[in-house]
1. Can you work out the Karplus-derived ³J(HN,Hα) for every residue in the stretch 21-30? Use 6.51 cos²θ - 1.76 cosθ + 1.60 with θ = phi - 60°, whole Hz, and x for glycine or proline.
2. Using θ = phi - 60° and the Karplus form 6.51 cos²θ - 1.76 cosθ + 1.60, what ³J(HN,Hα) does each residue of the stretch 39-51 get, whole Hz, x for Gly and Pro?
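FYI, it's all coordinate maths here, none of it is from the lab. Predicted model only: the values in this text are computed from it and were never measured.
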Amino acid sequence: MALHTVPNEILLEISQWLKDSDLNSLAQAHRNIYEFLQPELHQRAVMDRLECCQDSGHYNGTGRRCVA
């Protein structure tokens, strides 16, 4: 079975167990996989940014950007 033919539900389950870098590598395996996983990649990037801002004390409470 080719990777890009795996059902989306299975890809989503697999993605929950992957580190960000591994998820990014999986997304680069095929365009359809990338398009399906793009929202997950984006959500992780946003959450990482918010956590970074909160940890550094630069979180402004809007969830949009950090104030340096």
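1. Once θ is set to phi - 60°, the couplings for the stretch 21-30 become 5, 6, 5, 4, 5, 4, 4, 7, 5, 7 Hz.
2. Coupling constants for the stretch 39-51: x, 5, 4, 5, 4, 5, 5, 5, 5, 4, 5, 5, 5 Hz.
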